[in-house]
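Take a look at the structure below.
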Amino acid sequence: MKDSLVVYKRASEVVAATMGETSLLLHVNDWVYLELNESGSRIWALLEEGYGLPQLVSTLVEEFAVAPEDCAEETAEFLAILESKKFVVRL
């Protein structure tokens, strides 16, 4: 399936706490945690409803004034990390 058609959503086994501009995520089955910076926290917030890469990039480019190409590459890498650690699922 093409990446532009994939929608990601938070895994139900993950709990999160936000502190200022950072977030801490804990996968309760694996006891793996991640600390997210401001942009990672924003992506995590958007994934509550389910978002695809194009929608994430569009939102982040607008909010963080970053180049679309750089944003797409870094966001795809971040989603791959979240997926490999079972923090997100594909819908």
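Bear in mind these aren't lab numbers, they're just calculated from the coordinates by the rules spelled out. Please read these numbers as outputs of a predicted model, since none were measured by experiment. Cβ sites come from the backbone with ideal geometry, for glycine too, and all protein chains shown count toward neighbours.
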Environment charge at MET19 (Cβ cut-off 13 Å; Lys +1, Arg +1, Asp -1, Glu -1)
-3
Entry for volume of the Cα convex hull per residue in Å³ (calculated from the structure that is shown) out of (1) 87; (2) 119; (3) 110
(1)
Under a Cβ-Cβ cut-off of 14 Å, what is the net charge of the residues other than GLU38 that fall near it, where Lys and Arg count +1 and Asp and Glu count -1?
-3
If you filter the chain for trypsin sites (Lys or Arg not before Pro), then keep DSSP loop positions with at most 10 other Cβ within 10 Å, what is left?
LYS2
For the chain, what does the relative contact order come out to in percent, with C-alpha contacts under 8 Å and a separation of six or more?
36 percent
Is it possible to state the helix-based mean residue ellipticity at 222 nm for the chain, with each DSSP H run of 4+ residues giving -39500 (n - 2.57), the sum divided by total residues, to the nearest 500 deg cm²/dmol? What is it?
-13000 deg cm²/dmol
